[in-house]
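Note sheet for the following structure.
The values are calculated or read from the model by the stated rules, or taken from the named source; none is laboratory data. Predicted model, so just to flag it, every value in this text is computed and none were measured. Cβ placement follows ideal geometry from the backbone for every residue including glycine, while neighbour counts extend to all protein chains displayed. For accessibility, only protein heavy atoms count, side chains too; no ligands or nucleic acids. Shrake-Rupley method; radii C 1.70, N 1.55, O 1.52, S 1.80 Å.
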Amino acid sequence: MVKICCIGAGYVGGPTMAMIAFKCPKIEVVVVDIAVARINAWNSDRLPIFEPGLDEVVKACRGRNLFFSADVEKHVAEADIVFVSVNTPTKTRGLGAGKAADLTYWESAARMIADVSKSDKIVVEKSTVPVKTAEAIEKILTHNNKGINFQILSNPEFLAEGTAMEDLAKPDRVLIGGRETPEGRKAVETLKAVYAHWVPEDQIITMNLWSAELSKLAANAILAQRISSVNAMSALCEATGADVAEVAYAVGKDSRIGPKFLNASVGFGGSCFQKDILNLVYICECNGLTEVANYWKQVVQINDYQKSRFVKRVVSSMFNTVSGKKIAILGFAFKKDTGDTRETAAIDVCHGLLGDKAQLSVYDPQVTADQIMRDLAMNKFDWDHPQHLQPMSPTTTKQKPAFIFDGRNVINVEELRKIGFIVYSVGKPLDPWVKDLPAAPPS
Ligand SMILES: NC(=O)C1=CN([C@@H]2O[C@H](COP(=O)(O)OP(=O)(O)OC[C@H]3O[C@@H](n4cnc5c(N)ncnc54)[C@H](O)[C@@H]3O)[C@@H](O)[C@H]2O)C=CC1
Ligand SMILES: O=C(O)[C@H]1O[C@H](OP(=O)(O)OP(=O)(O)OC[C@H]2O[C@@H](n3ccc(=O)[nH]c3=O)[C@H](O)[C@@H]2O)[C@H](O)[C@@H](O)[C@@H]1O
């Protein structure tokens with residue numbers, strides 16, 4: 001029986017391994033993590049992450065051929081294939097801070113694999129990593145040469161949160177990169193055989209290691225670029241009376257472009273798009289490709305612009321101040337069907353509004369109040385200007401007129417206008433109220 005161990009029981013490790021166990025009953029899969037609370041949650045009735053369809057798959061396999069354990073070293077030592085699915089966040093300090101990927105977690109996982117291994121292993125990069133990481137990992141693994149053969153494969157993950165189980169069950173493609181040596185090719189075939197249990201062979205693409213590593217960064221950069229492109233258009237739509245949904249529909253009908261990922265929004269969020277593009281920017285800079293780096297940087301800059309544009313719309317619509325005004329924020333996670341708040345646009349929007357002293361009530365069915373408070377904790381209360389000393393205008397106490405600002409274009413504008421709301425929707429023809437206000441007043 002092939003034994004798989006996955007280091008990292010997060011949004012990728014958990015669902016991915018659950019799907020492998022589900023589709024391959026003869027393979028034993030153990031997901032390990034240093035976060036004991038997370039492992040306990042995976043072993044409980046309340047899984048640590050919310051994903052539609054995940055509960056059912058975990059329940060079908062847990063205790064059969066799917067296990068969650070905090071005994072990291074034991075299960076790594078016993079495995080034939082070790083997936084590494086640890087976090088690779090943006091570095092916050094040192095060389096490349098604010099851009100480069102922080103590979104601390106990856107490196108410590110690799111050192112541990114090297115230390116505890118007593119048999120040959122295939123080590124699979126599941127985390128999103130800078131191109132050429134496999135070379136560094138190889139060096140770590142073979143540093144204390146104990147006569148053990150390690151083959152490194154790149155097998156980036158393309159699932160999106162909220163649809164992870166669907167994406168895993170029917171992936172557009174599975175990508176495997178390996179060394180172009182007989183041992184490398186053999187390792188690629190071994191991993192391919194795992195996915196071939198449910199993925200058609202022509203959808204399992206194999207290539208060299210560096211192409212596979214870079215393909216992941218490229219895919220995320222191009223997806224995010226589509227959103228920034230349509231969001232840039234949304235600003236022009238508002239200025240001209242065009243409707244971004246109509247424009248996106250017309251553009252997406254071109255079969256060369258396609259309809260997906262053209263929804264204008266308050267900006268993309270999530271743990272990966274921004275981090276992966278910044279990482280790409282850093283890699284370009286390190287390779288002396290300044291123009292290429294600047295090109296991709298612009299995708300993130302437009303995303304930041306879209307978030308601040310949204311906040312400015314809210315503030316300027318409500319008489320240029322939201323101080324003391326009650327604002328309900330519906331939805332806090334970075335997209336629907338997830339409780340993940342990492343890099344959610346809602347944090348920036350809330351910070352922008354809190355900066356102008358708005359009173360926020362935030363609700364999201366998948367996010368706890370504690371989590372929201374933690375995410376917003378960076379705000380400082382303005383002690384010099386206590387709110388109770390500030391005069392309340394009649395409009396702030398009565399809360400009229402009432403406004404709705406739709407950063408997702410999901411509400412029925414006409415119905416809400418009928419019952420008296422002033423409505424702003426990203427990229428849509430402007431409400432007469434908003435129309436005469438500057439799109440982006442000076443901050
Ligand atoms: N979240 C997503 O939708 C996707 C994420 N990715 C990539 O997958 C990787 C993981 O992402 P997530 O699952 O979202 O992160 P996560 O933060 O949810 O999970 C990572 C887990 O690794 C554990 N960990 C860290 N160092 C460890 C060590 N040395 N030993 C054992 N456990 C360790 C952490 O405790 C954590 O539970 C990242 O590189 C990300 O870019 C790729 C595709 C989709
Ligand atoms: O590497 C990763 O982590 C993953 O990143 C994204 O997945 P994810 O971030 O989970 O979710 P998306 O559906 O891509 O949405 C990202 C953000 O873009 C926003 N978005 C998406 C689509 C769109 O048309 N408009 C738009 O604003 C979403 O609301 C969300 O805030 C990619 O879609 C996955 O393929 C990739 O594996």
| query | Is it the case that Glu135 is surrounded by fewer than 17 Cβ atoms within 10 Å (Cβ to Cβ) and more than 10 Å from ligand 1 (Cβ to nearest atom)? | reply | yes
| field | From the options Ala219, Ala248, residue that is crowded, with 22+ Cβ neighbours inside 10 Å, hydrophobic (A, V, I, L, M, F, W, C) and closer than 30 Å to Arg173 by Cα | value | Ala248
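For every residue, the table says whether it meets (1) modelled with pLDDT under 50; (2) small (Gly, Ala, Ser); (3) over 30 Å from the mean Cα position of the chain (by Cα).
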| position | (1), (2), (3) |
| --- | --- |
| Asp375 | no, no, no |
| Pro394 | yes, no, yes |
| Arg408 | no, no, no |
| Ser425 | no, yes, no |
| said: Which condition from (1) of a type in the set (Val, Ile, Thr); (2) part of a helix (DSSP H, G or I); (3) within 23 Å of Val188 (Cα to Cα) is the one that Val129 breaks? | reply: (2)
| note | Just one listed residue, out of Ala110, Ala134, Ala79, Ala97, is closer than 23 Å to Lys216 by Cα and touching a residue at least 40 places away in the same chain (Cβ under 8 Å), and it is Ala134
| field | Close pairs (8 angstrom Cβ cut-off, 6 or more residues apart or separate chains): at positive phi in segment 159-184, within 11 Å of ligand 2 (Cβ to nearest atom) anywhere | value | Gly162/Glu51; Gly162/Lys335; Gly162/Lys336; Gly162/Asp337; Gly162/Thr338
| field | Residue within segment 247-262 that is under 21 Å from the mean Cα position of the chain (by Cα) and either touching a residue at least 60 places away in the same chain (Cβ under 8 Å) or within 16 Å of ligand 1 (Cβ to nearest atom) (or both) present | value | yes
| query | Of all residues in segment 345-362 being within 16 Å of ligand 2 (Cβ to nearest atom) and in contact with a Lys or Arg (Cβ under 8 Å, 6 or more places away or on another chain), which is nearest to Ser316 (Cα to Cα)? | reply | Val349
| query | Which helices (runs of 4 or more DSSP H) does segment 1-89 wholly contain that include 1 or more residues that are away from ligand 1 (no atom under 16 Å from the Cβ) and not charged (D, E, K, R)? | reply | 13-23, 54-61
| task | Mind listing just one residue for me: the one in segment 160-181 that is surrounded by fewer than 19 Cβ atoms within 10 Å (Cβ to Cβ) and among the hydrophobic types (A, V, I, L, M, F, W, C) and, of those, farthest from Lys216 (Cα to Cα)? | result | Ala169
| query | Restricted to segment 340-369, and to residues that are assigned to a loop (DSSP other than H, G, I, E, B) and open to solvent by less than 20 Å² (accessible area, probe 1.4 Å), which residue is farthest from ligand 1 (Cβ to nearest atom)? | reply | Ala358
